[in-house]
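The values are calculated or read from the model by the stated rules, or taken from the named source; none is laboratory data. Values in this document were obtained by computation on a predicted structure and should not be read as measured data. Quick reminder, even Gly has a Cβ in these numbers, built from the backbone with ideal geometry, and neighbours come from all protein chains shown.
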Amino acid sequence: MPRPLSHRFFRRHTLQVAPDLLGCEVWVRRPGERVRRGRIVEVEAYRGFDDRACHGWRGETPRLRTFFGPGGHAFVYITYGIHAMLNFVTEGPDYPSGVLIRALESIPAADGPPLEADMRGPGLLTRAMGITRGLDGSDLRSGPVRARPGGLRPGERIATSTRVGVEYAGREAAALPWRFFIAGNPSLSRGRPTNPDRAAEFLAQRIRRRTEANHD
DNA sequence: CGGTCGATTAAT
DNA sequence: TTAATCGACCGC
């Protein structure tokens, strides 16, 4: 694949990394299998000790080892005993932060047919891409899971909303507009709020522009 | 050492 | 609206 996203890319502020991942490509190669690809259309940011929806807010535990490590690695954990969640670790080390990949769009592959499976949800996409707990901790630049630079197509806009399923974490965390998605994209996770918060959308665009200005 | 609870999904 | 399903975590 072309040059994967660098460690430097992931070791920036999580709220810059998250929107920048929209349009990028996730690439998974499992032993003896063809590469599986998808285009990122929805993500969520989880960041630090003050974000009570962030698993790491209370401190490091064995399960969160990768999450507390340096940015640029895949953090995979199981939720509800069933679903693998794919996160890209950001910032760090010793600062819990990352981006949850919530939905992928099928894209044509140069070397074969596109992945047809439904990837409109964090648990669905890991199943479709063959991502398991065993990939936890792998290096996003050189390991079996990588991200390739991408971008928005003409007319595509980034929108934000509150994160999904974090009401348990309390009002403050639940109110943060840290879900980023490509507005109106048909591959967004289903049954979820898709109405963008306009003020937050504006903020996200500003963050994005500043990031591009500092592009390496 | 046991009770509780998910960054979800699919079926009722 | 709820079952599935299990490991991590917390509290006793």
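Observations, loosely collected:
- Selection of region A:121-141 for residues being among the polar types (S, T, N, Q), under 23 Å from A:R3 (Cα atoms) and either at pLDDT below 95 or part of a helix (DSSP H, G or I) (or both) yields only A:T126.
- Matching residues, region A:85-110, being more than 13 Å from the chain's Cα centre (by Cα) and under 22 Å from A:R58 (Cα atoms): A:E91, A:G92, A:P93, A:D94, A:Y95, A:P96
- Boolean, A:T160 is assigned to a helix (DSSP H, G or I), under 29 Å from A:D50 (Cα atoms), under 16 Å from the mean Cα position of the chain (by Cα) and at pLDDT 90 or above: no
- The residue pairs whose first member lies in region A:61-88 and is free of Cβ contacts under 8 Å to residues at least 24 places away in the same chain, whose second member is not small (G, A, S), and whose beta carbons are closer than 8 Å, counting only pairs six or more residues apart or on different chains, are A:R63/A:Y77.
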